[in-house]
Amino acid sequence: MKSRPTANPPSRFHDVAVTYDEGDGPPPSSITLLEDHSRSILSHNDSPDLGFRWSANPYRGCTTACQYCYARPTHEYLDLGAGTDFDTKIVVKRDAPELLRAAFDKPSWQGELVMFSGVTDCYQPIESKLELTKRCLEVCLEYKNPVALISKHALIERDVDLLVELSREAGCHVSVSLTWVDEKLARTIEPWAPSPERRLKVIETLAKAGIEVGVMCAPIMPGLNDDQMVRVLERARDAGATSAGWVLLRLPGAVAQVFEERVRAALPLAADKIMHRIRETRGGDKLYDPRFHMRGKGQGVYAETIAALFETTVKRLGLNDRDLDREMESRFQRPPKRTNQLSLF
């Protein structure tokens, strides 16, 4: 797939200048920021497929433009499209840190782990300008609330010192999303994401700083990148990852159309095989199964083979040997209330 033209310089009157890290793909020519004025930042999750109950999403939509992103249909709730609108019209929650502090101050909050982010990448390039994720993490540190993060962007290295302190005071685990070692193929499907080598460098940087870091092989796309999974796990372990996970490609709603159209445009000779393999892991006649326990792992011989290969490789490499749940037990503590009243003592 040809990248969108990028020779259009940003207007000097525009209020956003996005910095792209070395290794990122070419950015879209224009990005529109839309304001989110909702009065909450924490989203509750009751899915048994996920290992967290609460997530924080400072941004909706993502300029990384991954063709497979399962979050694309969330833009339709905003009367926007799941295709290029999702890639270029980013909804921003500018008061996210203040909303997070207010949530932590509620007596009902028990200091559970918060995932950044459950929907779109919290370190996508616009974060370099707005710093909403960084400020939210500072709130988590202030309250000693445990944190998990997942990202494919190298911008997370900016916050290494903060993540180290979070690890020490509250508990922190980072997962780097990586499903490729083939840079050309990765660029085809994740046009504006950092290269695989750059993401491996992120794992190395975080691990050397003493931060618990893992690799998330998600999504595994049958017929497209499943043959790279073992090499990804090996390279990630060598870079310092201590944990790993995987999720099968999910194509809910409009994502199926976006994914198939872009795959057929980018890989016309392989597209039929890829779509056939996807259906093979979804009962043979459909592209997606929304049922719990099925949507993330699939069914059938092909899906079972992927799962078995992942488990065998993880065991061989010694990944997932640590008890992260125990290490991430909450140390939540509200800070003393601020007051302007002078002490009598």
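Among the listed residues P73, P48, which satisfies the condition of being closer than 21 Å to V114 by Cα and over 14 Å from the mean Cα position of the chain (by Cα)?
Criteria check complete, one pass: P48.
Considering only the range 184-205, I want to know if a residue exists there that is part of a strand (DSSP E or B) and either at pLDDT 95 or above or surrounded by 23 or more Cβ atoms within 10 Å (Cβ to Cβ) (or both).
No: zero hits.
Counting only residues that are in contact with a Phe, Trp or Tyr (Cβ under 9 Å, 6 or more places away or on another chain) and not in a helix (DSSP H, G or I), which one in the range 308-338 is farthest from D227 (Cα to Cα)?
Per the stated criteria, the residue is P335.
Run down T88, T120 and say which single residue is out of contact with any Leu (no Cβ under 6 Å at 6 or more places or on another chain), hydroxyl-bearing (S, T, Y) and surrounded by fewer than 23 Cβ atoms within 10 Å (Cβ to Cβ).
T88
Check R295 against each of (1) in a helix (DSSP H, G or I); (2) within 17 Å of W246 (Cβ to Cβ) and name the one condition it does not meet.
The number of the failed condition is (1).
Just give me the residues in the range 253-280 being within 18 Å of E190 (Cα to Cα) and part of a loop (DSSP other than H, G, I, E, B), in sequence order.
A254, L267, P268, A270 - these are the residues of the range 253-280 that are within 18 Å of E190 (Cα to Cα) and part of a loop (DSSP other than H, G, I, E, B).
Take the residues of the range 223-252 that are assigned to a helix (DSSP H, G or I) and small (G, A, S): which is nearest to S177 (Cα to Cα)?
A236
Does F345 satisfy being more than 30 Å from G83 (Cα to Cα), modelled with pLDDT under 95 and of a type in the set (F, W, Y)?
yes
Is at least one residue of the range 72-93 part of a loop (DSSP other than H, G, I, E, B), in contact with an Asp or Glu (Cβ under 7 Å, 6 or more places away or on another chain) and modelled with pLDDT of 95 or more?
yes
Exactly one of these conditions fails for D79: (1) farther than 30 Å from E142 by Cβ; (2) surrounded by fewer than 18 Cβ atoms within 10 Å (Cβ to Cβ); (3) touching a residue at least 12 places away in the same chain (Cβ under 8 Å). Give me its number.
All conditions pass for D79, except number (3).
If we scan the range 58-66, do we find a residue that is free of Cβ contacts under 8 Å to residues at least 60 places away in the same chain and surrounded by fewer than 21 Cβ atoms within 10 Å (Cβ to Cβ)?
Looking through the range 58-66, none of the residues is free of Cβ contacts under 8 Å to residues at least 60 places away in the same chain and surrounded by fewer than 21 Cβ atoms within 10 Å (Cβ to Cβ).
Is one or more of the residues making up the range 157-171 modelled with pLDDT of 95 or more, under 16 Å from L100 (Cβ atoms), of a type in the set (D, E, K, R) and under 17 Å from the mean Cα position of the chain (by Cα)?
Checked against the condition, which is being modelled with pLDDT of 95 or more, under 16 Å from L100 (Cβ atoms), of a type in the set (D, E, K, R) and under 17 Å from the mean Cα position of the chain (by Cα), the range 157-171 yields at least one hit.
This table checks each residue for (1) over 17 Å from D121 (Cα atoms); (2) of a type outside the set (K, R); (3) in contact with a Gly (Cβ under 6 Å, 6 or more places away or on another chain).
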| position | (1), (2), (3) |
| --- | --- |
| E165 | yes, yes, no |
| D182 | yes, yes, no |
| R198 | no, no, yes |
| A207 | yes, yes, yes |
| I211 | yes, yes, no |
| P219 | no, yes, no |
| V230 | yes, yes, no |
| A256 | yes, yes, no |
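Just to be sure before I move on: is A256 over 29 Å from T205 (Cβ atoms) and surrounded by fewer than 22 Cβ atoms within 10 Å (Cβ to Cβ) in the structure I sent?
Spelling it out, A256 is indeed over 29 Å from T205 (Cβ atoms) and surrounded by fewer than 22 Cβ atoms within 10 Å (Cβ to Cβ).
Here is a list: G284, G240, G253. Which entry is free of Cβ contacts under 8 Å to residues at least 24 places away in the same chain and at positive phi?
Exactly one of G284, G240, G253 is free of Cβ contacts under 8 Å to residues at least 24 places away in the same chain and at positive phi, namely G284.
Report every pair of residues separated by at least 6 positions or lying on different chains whose Cβ atoms are under 8 Å apart, first residue within the range 20-40 and at negative phi and buried (at least 17 other Cβ atoms within 10 Å of the Cβ), second of a type in the set (A, V, I, L, M, F, W, C) and at pLDDT below 90.
Within 8 Å, the pairs are P27/V18; I31/V16; I31/V18; L33/V16.
The values are calculated or read from the model by the stated rules, or taken from the named source; none is laboratory data. Computed from a predicted model, the values in this text were never measured in an experiment. Ideal geometry is used to build each Cβ from the backbone, glycine not excepted, and the neighbour counts take in all protein chains shown.
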